[in-house]
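The values are calculated or read from the model by the stated rules, or taken from the named source; none is laboratory data. It should be emphasised that the depicted structure is a prediction, and the values quoted were computed from it without experimental measurement. Positions of Cβ are backbone-derived with ideal geometry, glycine not excepted, and every protein chain shown enters the neighbour counts. We work out accessible area using only protein heavy atoms, side chains counted, and drop any ligands, DNA or RNA first. Shrake-Rupley method; radii C 1.70, N 1.55, O 1.52, S 1.80 Å.
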Amino acid sequence: MDYANMNYIIYFDYASLIIMSVLVISFYMIKHLDNMQNRMLKVMLLSHFLVIGMDIINVIGPKFTMPFNYQILYGSHLFYFLLHNVTVYAFFFYCCFMVDQYAAGKRWLQIITCLPMMGIVVLVATNFWTGWIFRIDENLKYFRGSLIMAVYAVVLFYVLLSLVMISMYRERLSRLQRVVTYFYIMLCIVSAGVQYFYPKLLVECFGITVALMILFFSTAKLADFYDEDFKVLNRHAFMEIIDSSLYWTGRRYLFVIKVHDFQLYRVTLGKDFQERLARTVILYLQEAFPQGYVFHYTNSEFLLAFKKDFGQQEADSTLQRLNERFSGAWQIGDNQIRCAYHIGMFSWGKEEELNQAGKLKDCLDYINDYSRLIDHPVLTLKDMKIGAVARNLLVQKLLQEAVDQDGFEMYYQPIYSVEENRVVSAEALIRLKNTDHGFISPEEFIPIAEQNGLIMKIGEFAFRSVCRFIQAQGLEQYGIRFIEVNLSVVQCMQERLHKQLLDIMAEYGVGPDQINLEITETAEVTQMGAFQDNVSALNQKGIGFSLDDYGTGYSNIGFLYKFPFRIIKIDKSLLWGAFENEKAMITLESSIDLAKRLNLQVVVEGVENEKHQDKLTELGCDYLQGYYFSKPVPESEFIHYVQQQCQLDGANLKPLLN
């Protein structure tokens, strides 16, 4: 085909140049995230803009006579082929970053994908001597070289590789992202195909221009990353930029400012005051540190990030300025307020452990949730027990798995009657044992379950298991009159708890005298009405209540006279302390005396030796519980225990002791 004498239709290139000019200008005018995805988009826009310019010069250049015309045309063709490949090469990386498949650790992917592009660079650099891509004669006529198809083959390679990448990880993309990316690829292929079969119709650049325009308007917006209410970047933007920062060279610096008591300000001074305080803090950070990124990470947590031309000296100065400002007062309308705060400073390099968005997020969560436990306002990584946060997340995961798969098991610890000299009851205790992580203590997982809401499902499992156990084993025949079942305060604040428990008891035919509910004060009562209604409804049905762990918690003494308890369970810490400290012994004796004067029965937990038993018997305790009689055991072992007791017929219990 005679490319030298072809009459090209160039109007599509003119239209493309106008559109690309608008897109490039818009990219620099519109605020956008400085992440790797947008960086690749910028490369695509600039390289394709230059490709269009080169294409126009290549077509109209031979028609004009000017100095250095040959050199201009030759250079224009070289840059055309080079930048044409750069555009599609950048698009491949754009797709990789979009699906998070070009992490710094994947060196093999970097090497493999850059080899074809390196081949193009070599072909372009040597074309003057080889003429493998093209040649231009002394009459400025253009002729294709023997390896020009290799240039287009590389373009096709990156287009197909992008298609494979998007297809393999399509679940990571939104529907809009998938549609736009597939459309971009399709439009590039179709426009290139049309120009291949109709060479004089220059539509390839126009097709790519339209595709880039759609890509630009679907991805270059800040709507998903910008908090319009506070005019600042949001949490999503931070995670995007941190992911991109993995590819930065040098060190990164991040300052985390946690302002405490935001919820208190909302309750006492109003939502408007709280929001005005947040805006004031954000405005200060934006104006005082214009070279940094400011993020509104959580309601009361603000981030300030730096990446360029920022060293340790600047970091120390920034930390000092932040500490000085936040230790002072904030003027909010007519109010002047000083806020409790903590500031965390992080610095890390490319090879350091913190250089992972997930681990950095653990630090941010720690400052948000636990910083108040640290008595100085400036925090470093050494101050943070990040392992505790990771452990909390692990236990949450194991709890969810156990709830979904019935992974709990009930144990029973005998309760000894001083008057009858025998075991007459037991406390049901739930256990979580994971194959990989071993035994998880209830003291660890119950508070977590109360915080994340799983306590209701766990509580239902425990109560249902106990009722099933009572029905299946006929515990009355062994002299076991009732089973103690723990309820947390959080459960008791659920309005329909009483109906749920009564329905389960009816399902298994368990009488109200066979169940005694222990209320464990692991959380403060915030819904007192629901709490009282549940206790009252269950008590009216004949179900007894115990106040567990007396001596700890929020308001034990108030509970004693407000609610219809019949048993008080004194915490083991009071018993153990009494044998080491005279004042603790007085406290124990007074607690037992108080319970007796209130006509309450007394159970003391933590009985571990004969000295404990003798002293508590002397003080008039009704029931004893502890390892001196038995540790908590599975259902089968508990049944064996009480069967042995029956065989002894109330005689000496010493043979049963562990």
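For this structure, a couple of remarks:
- Per residue, the solvent-accessible area of segment 458-552 (1.4 Å probe, heavy atoms of protein chains only, all protein chains present) comes to 40 Å².
- Computed from backbone phi, the HN-Hα couplings of segment 536-546 come to 5, 5, 6, 5, 5, 7, x, 7, x, 10, 10 Hz, rounded to whole numbers (Karplus: 6.51 cos²θ - 1.76 cosθ + 1.60, θ = phi - 60°; Gly and Pro given as x).
- Among the listed pairs 397/562; 572/615; 457/562; 583/631, those beyond 26 Å (Cα-Cα): 397/562; 457/562; 583/631
- Rounded FRET efficiency, nearest 0.05, which uses the C-beta distance separating residue 196 from residue 140 and R0 of 25 Å: 0.55
- Cα gyration tensor shape of segment 429-529, rounded if a/c is under 1.5, else prolate or oblate by comparing a/b with b/c: oblate
- Residues whose amide H falls under 5 Å from that of residue 543, counting only those 5 or more places apart or on a different chain, are absent, with hydrogens built in the peptide plane.
- In order along segment 396-403, the Karplus-derived 3J(HN,Hα) couplings, from 6.51 cos²θ - 1.76 cosθ + 1.60 at θ = phi - 60°, round to 4, 5, 5, 4, 4, 5, 5, 5 Hz, and Gly and Pro are given as x.
- Treating r as the C-beta distance of residue 598 and residue 421 and R0 as 22 Å, the FRET efficiency rounds to 0.30.
- Applying 1/(1 + (r/R0)^6) with r as the Cβ-Cβ distance of residue 24 and residue 271 and R0 = 51 angstrom yields a FRET efficiency of 0.75.
- Subtracting the Cα-Cα distance of residue 182 and residue 643 from 0.36 nm times their residue separation leaves 158.7 nm of extension gain.
- The alpha carbon centroids of segment 569-585 and segment 142-158 are separated by 87 Å.
- Accessible surface of segment 440-502, 1.4 Å probe, proportion on carbon and sulfur as whole %: 49
- Amide H contacts under 5 Å for residue 426, placed H, 5+ residues apart: 415, 482, 484
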